[in-house]
Amino acid sequence: MTDTRFLSEFSNTYANIFSFCGLPLTRDLDGADAVVMGVPFDLATTGRSGSRFGPSGVRQASAQLRWEHKRWPWTFALGDRLKAIDYGDIVFRDGDSAAMAALVEQHADHIVSAGKTLLTLGGDHFITLPLLRAHVRKHGPVALLHFDAHTDTEATDFVYNHGAMFHHAVREELLDCERSIQVGIRTEYTAATHPFEVLDAAWMNNHSLEQNLERIRARVGDAPVYLSFDIDCLDPAFAPGTGTPVMGGLTSDRALQIIRGLGDLNIVGMDVMEVAPCYDHAEITSLAGATLALEMLYLLAARAG
């Protein structure tokens with residue numbers, strides 16, 4: 001007879017990998033502290049498409065993280081301090097971007113208004129706009145902590161554009177611009193009229209981790225924070241599987257250390273966007289997205305403990 005004392009339903013890295021890190025796949029919010037939700041949408045992409053497969057890719061890669069009971073370097077198991085669930089993907093009619101945005105806002109509002117912290121897996125970065133609308137309904141205007149190669153503040157009237165959603169978020173008064181900061185930027189923007197503080201990738205890479213964190217904390221303060229991580233903030237050496245890769249980004253190690261250092265912030269919502277598995281190799285980018293997402297959950301757990 002097989003000895004099952006050391007087997008766990010969460011320990012296998014290749015069987016039943018339907019949900020993020022083996023979390024219960026359910027829409028029952030009762031008792032949950034945090035909710036992982038996928039949005040497989042990329043019709044607002046301006047370059048290479050494919051991030052609609054991001055939620056699936058991140059979930060598949062997260063199976064590689066399930067075996068470790070206490071995620072290094074944390075000293076506790078996630079489930080000991082935080083009850084998290086996987087809500088599954090939002091389902092919408094193909095090609096109907098307006099209906100998709102309304103559904104995302106509706107589901108996010110349902111989750112956030114119930115007092116749960118939402119972590120969303122994208123999908124292209126436009127999705128953050130309806131997510132912000134839902135979070136602001138609960139918390140009021142939020143500080144934006146945005147990791148990216150691009151500022152996504154293109155001044156255009158076209159709403160369904162993954163390079164313009166923060167322009168529209170400012171116009172809709174969703175953001176506390178004086179508390180908002182963008183990290184890892186290394187593409188063109190108009191500094192003179194830009195509404196947020198920017199820590200460009202060169203500055204981040206040339207300064208210490210503690211200096212990085214000091215600048216972020218000084219800007220955000222005690223405001224409610226929405227944390228949005230576009231995977232192309234990472235250098236393509238660490239995240240090739242994305243639609244608009246830009247050389248000169250952050251290393252995966254630096255990004256993880258920054259995320260771990262954000263425990264003092266009042267983070268009310270989070271997302272990981274723009275993973276496009278079709279441009280990936282050996283799940284490098286999907287694993288990066290999954291690991292960043294797991295670190296975000298550990299941040300919540302550390303605060304809860």
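The table below gives the values:
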quantity	calculated
Solvent exposure ordering (accessible area, 1.4 Å, most first) of Glu154, Glu68, Glu173	Glu173, Glu154, Glu68
Computed over the chain: relative contact order in percent, which uses C-alpha pairs under 8 Å that are six or more apart	21
Computed E for Phe158/Ala191 - FRET, C-beta separation, R0 30 angstrom, nearest 0.05	0.85
From phi via Karplus (6.51, -1.76, 1.60), per-residue ³J(HN,Hα) for region 69-85 in Hz, x at Gly/Pro	4, 10, 4, 5, x, 5, 9, 9, 7, 3, x, 6, 10, 9, 9, 10, 10
Computed accessible area, Glu197, all protein chains, 1.4 angstrom probe, square angstrom	40
Positive dipole terminus of the chain, leading residue within Ala15, Ala290, Thr46 (C-beta point charges)	Ala15
Relative intensity, log₁₀ I(q)/I(0), of region 231-297 from a Debye sum that treats every alpha carbon as a point, q = 0.11, 0.16, 0.17, 0.29 Å⁻¹	-0.24, -0.50, -0.56, -1.31
Length added when fully stretched, Glu173-Ala98, from 0.36 nm per residue minus Cα-Cα	25.0 nm
Electrostatic dipole magnitude of the chain [Cβ: Lys, Arg +1; Asp, Glu -1; Cα centre; debye, to 20]	660
Reach of Lys116 by Cα under 19 Å, taken over lysines that are not fewer than 8 positions away in the same chain	Lys83, Lys138
Long-range HN-HN contacts of Glu197 with modeled amide H, under 5 Å	Ser180, Gln182
Vicinal HN-Hα couplings computed from phi for region 221-234 (Karplus, 6.51 cos²θ - 1.76 cosθ + 1.60; Hz; Gly/Pro x)	x, 9, 5, x, 10, 9, 9, 10, 10, 7, 4, 6, 4, 6
Protection proxy ranking of 70-76, 202-208 - average other beta-carbon atoms within 10 Å, highest first	202-208, 70-76
HN-Hα J in Hz across region 155-169 - Karplus 6.51, -1.76, 1.60, θ = phi - 60°, x for Gly and Pro	7, 9, 7, 6, 6, 7, 8, 6, x, 9, 5, 7, 4, 6, 5
Phe18, Phe229, ranked by accessible area, largest first (probe 1.4 Å)	Phe18, Phe229
Solvent-accessible area of Asp109 with every protein chain in place, 1.4 Å probe, in Å² to the nearest 10	50
By accessible area with a 1.4 Å probe, ligands and nucleic acids excluded, highest first: order of Tyr160, Tyr14	Tyr14, Tyr160
Distance (nanometres) between label positions extended 7 Å along Cα→Cβ at Thr75 and Leu29	3.4
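The values are calculated or read from the model by the stated rules, or taken from the named source; none is laboratory data. In this text the structure is predicted, and so the values were computed from the model without any measurement. For neighbour counting, all protein chains shown are included, and Cβ atoms are generated from backbone atoms with ideal geometry for every residue, glycine included. Only protein heavy atoms, including side chains, enter the accessible area calculation; ligands, DNA and RNA are left aside. Shrake-Rupley method; radii C 1.70, N 1.55, O 1.52, S 1.80 Å.
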